[in-house]
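This report concerns only the one structure given below.
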Amino acid sequence: MKKSIPFILGFVLLVFFRSSGQQAPLKTYRIGIFSALYLDSVFTNNEYNYGKKFPKFTQQGLNFVQGAEIALDSLPLPNGNVIATVFDSKANLNNIPWLINNHKLDSLDLIIGSVKDIEFLDLAKFAKQKNIPFISSIYPNDGGIVENPFLVIVNPTLKAHCETIYSYLLQSHGTDKIFLCRKTGSQEDKIADYFKSINGTEGKPLLNIQTLNFEDDFSKLANNLDSNRKTIIIGASLNETFTMGLVNSAYQLKKSYPIEIIGMPNWDAFLFLKKSTLKDFPVYYTTAFINNKANSFTKEIIQVYAKKFKGVPSDMAYKGFESVYIFARLITRYPNDFMSHLNEYAYKVFNDYNFKAVYVNKKTKIPDYFENKRLYFMKILNGKTSKVW
């Protein structure tokens, strides 16, 4: 087994090589790792622009690469060798279109990307043209892409989160009052449309989901509650100000009305939900990524990261590690039929995956993409977060 990473950071070329001592020749697989490093903004004429400071806008992309580097340095690859190249997805000159047009990516066997927006679209289009699997690690969006059976979305779309919430409600709260609470906005329109579409899949609604519209005044919430019947509130917005108003209003009513509130996937980042002011009032949300600190991989990464990078790994570092550790190994095991074995990784790192083919148009035979449908139900209670489902 051999591994090397031509990794340019700060215009210094770092090469990592490791051999297992095996004598039999093994096939070499080439992996492109794309992340937003913004090197052209950090350096000018080979000079670092930020003195002793570290620019925050590069941190997430760099952390992803650092996690990927740790994975490549420890990954068991009994079936082949790997050469992994890191590309700055935010490069000004040698950007993704330039790399594609100059055939710099044609030899890749696998693409792993911590990218979004136009870079995501460029790589997805290229992957389809060249029949190269593209692992989109962090972008919870399909970008409107259709008929691309080589695109793998690891971080589920907002629609997938709504599907999971709906499934939970159908199983556990079919007879309770359910309100979809929202504000005016395009994202809120999407969420409402998702629930309407999911609820009508069987030809008629299976759940009685009523919509309540709020802007700044949440006083009418109490008018719709029943003290003798449990009420489920779907917080159908990604907006933190709206979320705060809705949750605080529900909290004030919890003594008189049995209420359960379920929010969107980004609610885990809202710090007010973890403060003591919401004592004994659980708030639920869905996520695809959890990291048990007792996990053996977590312990190893923390130790290596502290020694190698003199810091503490972020979630992006863990995601970079997991993406590379699972899919780099998978491409060496199933090089000729990778897409048919997405759920056959040797063992999990942090999370379980359940990749399913998505057909936006039910009449088409070609999958539009493959998406991870495994989501966890999380509970925030008294400042602590735990998995409940």
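Please find, among 155, 239, 199, the residue that is under 23 Å from the mean Cα position of the chain (by Cα) and closer than 30 Å to residue 363 by Cβ.
Values: 239 fails: closer than 30 Å to residue 363 by Cβ; 199 fails: under 23 Å from the mean Cα position of the chain (by Cα).
155 is the lone residue from the list that is under 23 Å from the mean Cα position of the chain (by Cα) and closer than 30 Å to residue 363 by Cβ.
Sort out which residues of segment 324-342 are in a helix (DSSP H, G or I), more than 16 Å from residue 84 (Cα to Cα) and at pLDDT 95 or above, and write them in order of number.
338, 339, 340, 341
Which of the residues that make up segment 358-376 are of a type in the set (A, V, I, L, M, F, W, C), closer than 21 Å to residue 155 by Cβ and either in a loop (DSSP other than H, G, I, E, B) or assigned by TED's automatic domain parsing to the domain that holds residue 109 (or both)?
Within segment 358-376, 360, 375 qualify.
Of the residues that make up segment 81-91, is at least one over 22 Å from residue 36 (Cβ atoms) and crowded, with 21+ Cβ neighbours inside 10 Å?
Yes, there is a match, as at least one residue in segment 81-91 is over 22 Å from residue 36 (Cβ atoms) and crowded, with 21+ Cβ neighbours inside 10 Å.
For every residue, the table says whether it meets (1) in the same structural domain as residue 115 (by TED's automatic domain parsing); (2) farther than 24 Å from residue 229 by Cβ.
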site	(1), (2)
146	yes, yes
165	no, no
173	no, no
178	no, no
183	no, yes
186	no, yes
195	no, no
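So which residues in segment 343-357 are assigned to a loop (DSSP other than H, G, I, E, B) and within 30 Å of residue 197 (Cβ to Cβ), if there are any at all?
If the condition is that a residue be assigned to a loop (DSSP other than H, G, I, E, B) and within 30 Å of residue 197 (Cβ to Cβ), then 343, 351, 352, 353, 354 are the ones that fit.
Condition check: touching a Ser or Thr at 6+ places or on another chain (Cβ under 9 Å), among the polar types (S, T, N, Q) and within 22 Å of residue 216 (Cβ to Cβ). Does residue 243 satisfy that?
Considered against the rule, which asks whether it is touching a Ser or Thr at 6+ places or on another chain (Cβ under 9 Å), among the polar types (S, T, N, Q) and within 22 Å of residue 216 (Cβ to Cβ), residue 243 comes out as yes.
With the structure loaded, tell me whether residue 225 is over 21 Å from residue 196 (Cα atoms) and either buried (at least 17 other Cβ atoms within 10 Å of the Cβ) or not assigned by TED's automatic domain parsing to the domain that holds residue 167 (or both) or whether it fails that test.
Details: over 21 Å from residue 196 (Cα atoms): yes; either buried (at least 17 other Cβ atoms within 10 Å of the Cβ) or not assigned by TED's automatic domain parsing to the domain that holds residue 167 (or both): yes.
Here the answer is yes, as residue 225 does meet what is asked.
For segment 81-115, give me the residue count where each residue is part of a helix (DSSP H, G or I) and in contact (Cβ under 8 Å) with a residue 40 or more places away in the chain.
Counting residues in segment 81-115 that are part of a helix (DSSP H, G or I) and in contact (Cβ under 8 Å) with a residue 40 or more places away in the chain gives 1.
Could you tell me which residue of segment 290-341 is surrounded by the fewest Cβ atoms within 10 Å (Cβ to Cβ), considering only residues that are among the basic types (Lys, Arg) and closer than 14 Å to residue 112 by Cα?
Checking each candidate, the answer is 329.
Does residue 166 satisfy the criteria of being under 30 Å from residue 323 (Cβ atoms) and of a type in the set (Ser, Thr, Tyr)?
Considered against the rule, which asks whether it is under 30 Å from residue 323 (Cβ atoms) and of a type in the set (Ser, Thr, Tyr), residue 166 comes out as yes.
Going through 91, 68 one at a time, which residue ends up being touching a Gly at 6+ places or on another chain (Cβ under 7 Å) and in the same structural domain as residue 310 (by TED's automatic domain parsing)?
Every option except 68 fails the conditions.
Here are 70, 118: which of them is assigned to a helix (DSSP H, G or I) and over 20 Å from residue 305 (Cα atoms)?
It is 118.
For segment 306-323, name all the residues that are part of a loop (DSSP other than H, G, I, E, B) and among the hydroxyl-bearing types (Ser, Thr, Tyr). Explain how you work it out, then say what you get.
Applying the first criterion (part of a loop (DSSP other than H, G, I, E, B)) to segment 306-323 yields 310-314.
Within segment 306-323, just 314 meets the criteria.
The rows are residues; the columns are (1) of a type outside the set (S, T, N, Q); (2) in contact (Cβ under 8 Å) with a residue 60 or more places away in the chain.
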site	(1), (2)
215	yes, no
219	no, no
224	no, no
241	no, no
245	yes, no
249	no, no
272	yes, no
288	yes, yes
297	yes, no
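If residue 175 satisfies all but one of (1) outside any strand (DSSP E or B); (2) among the β-branched types (Val, Ile, Thr); (3) at pLDDT 95 or above, what's the number of the condition it fails?
For residue 175, the exception is condition (3).
Looking only at segment 173-196, count every residue that is surrounded by 13 or more Cβ atoms within 10 Å (Cβ to Cβ) and either among the hydroxyl-bearing types (Ser, Thr, Tyr) or free of Cβ contacts under 8 Å to residues at least 24 places away in the same chain (or both) and tell me the total.
Quick first cut of segment 173-196, residues surrounded by 13 or more Cβ atoms within 10 Å (Cβ to Cβ) only: 173, 176-183, 185, 187-188, 190-192, 194-196.
Next cut, either among the hydroxyl-bearing types (Ser, Thr, Tyr) or free of Cβ contacts under 8 Å to residues at least 24 places away in the same chain (or both) only: 194, 196.
Residues in segment 173-196 being surrounded by 13 or more Cβ atoms within 10 Å (Cβ to Cβ) and either among the hydroxyl-bearing types (Ser, Thr, Tyr) or free of Cβ contacts under 8 Å to residues at least 24 places away in the same chain (or both): 2 in total.
The values are calculated or read from the model by the stated rules, or taken from the named source; none is laboratory data. In this text, all values refer to a predicted model and were calculated from it rather than measured experimentally. Here Cβ is always computed from backbone atoms with ideal geometry, including for glycine, and neighbour counts include all displayed protein chains.
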